[in-house]
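Here's the structure we're looking at; comments come further down.
Please treat every number below as a calculation from the coordinates, not as lab data. Nothing here was measured: the structure is a model prediction, and the numbers come from that model. We place every Cβ from the backbone using ideal geometry, glycine too, and count neighbours over all the protein chains shown.
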Amino acid sequence: MKKHKEKIGFGIVISVFSVIIIACLISIFSQFYTENKEKEEFRQLAEIVAEDTTDEDTRTVRKPNILQINSADNETQSEPPMYYATDYEPHSMSELISMNPDCFGWISIAGTNINYPVMHTPSNPQKYLNKNFYGKYSFSGVPFLDSRCTADSTNLIVYGHHMNNGSMFADLCNYTDYSYFAEHPTVVLETKDGAFSYSIFSVMKVKSNDDWYRFTTAGTEKSYEKKISYAKEKSIYDTGNTPVYGQQILTLSTCYGYNQDDRILVLAVRN
């Protein structure tokens, strides 16, 4: 009788563990399916608003676009500026904004998975934390600009999720490796005012309450230089780039590691 009860008890334990394991597997596969479905939705959106550029003289289509980047500071250069080029896929901002007025721009880094619209809702700061471009619930959300920022802010702070399937801003974590930075040194931000290139100058591991998140505007040159000095000192390696007063900063932020308060910041300066 005792052995019979022990067998029943053992069977119940096995059944409970089996149910838990099955439930966990269902949850994992469900999340995997959802993330990849949302990744595909962004790919389709990128195709919808893709904008070919045509050379009117030869009638040939050039895609991706070549964005010229001035490597010299216009105010201090004494020699003709040197240029290098970065590829990016141009998108129709007018079409994006007509589809959703909350759209601020489109951000991309060639050779990475980062290729997404950027939303901006000052009256509802985290609206797109768990909504897709069309305003429906989304596990991945959409990258969004800090509500305190405007197009003219000294520091544009853009937040994005770190998804397990490598989508959204997950690739930012690869910037802990200097060689990855060397291969992907430029961020392109398209807005209604045009396409702008930003050169990465610092990669920082910080907490979610780091002082950098409070920096959106620098009223004086001294204040600006103090912030840049802070970013350079905290950078996990020397990029060789140092912004000068007057240049706009672009900050990309995402979660890093297993602690919910850990963040990685990739900072770039407008060329």
*asked:* What distance in nm separates the two pseudo spin-label positions at residue 214 and residue 99, each 7 Å out from Cα along the beta-carbon direction?
replied: 3.9 nm
*One-quarter of the Cα convex hull surface for region 53-270, in nm²?*
13.6 nm²
_As computed over region 168-224, the Cα convex hull volume per residue (Å³)_ = 145 Å³
*Quick one: if the Förster radius is 22 Å, what FRET efficiency do residue 221 and residue 242 give, using the C-beta to C-beta distance and rounding to 0.05?*
0.95
*At a Förster radius of 25 Å, what calculated FRET efficiency corresponds to the Cβ-Cβ distance of residue 152 and residue 66, to the nearest 0.05?*
0.40
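What is region 139-196's relative contact order, in percent, from Cα pairs under 8 angstrom and six or more apart in sequence? Working shown, then result.
Numbers: 46 pairs, mean separation 12.2, N = 58.
Result for region 139-196 is 21 percent.
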_For region 227-271, average projected area of the Cα convex hull in nm²_ = 3.6 nm²
*Using alpha-carbon positions, what is the distance between the centroids of region 133-156 and region 196-269, in Å?*
18 Å
*Taking a threshold of 29 Å on the Cα-Cα distance, which of the pairs 136/234; 127/232; 37/127; 205/226 fall above it?*
136/234; 127/232
*Find, among the trypsin sites (Lys or Arg not before Pro) in region 173-271, those assigned to loop by DSSP (not H, G, I, E, B) with at most 16 other beta-carbon atoms within 10 angstrom.*
192
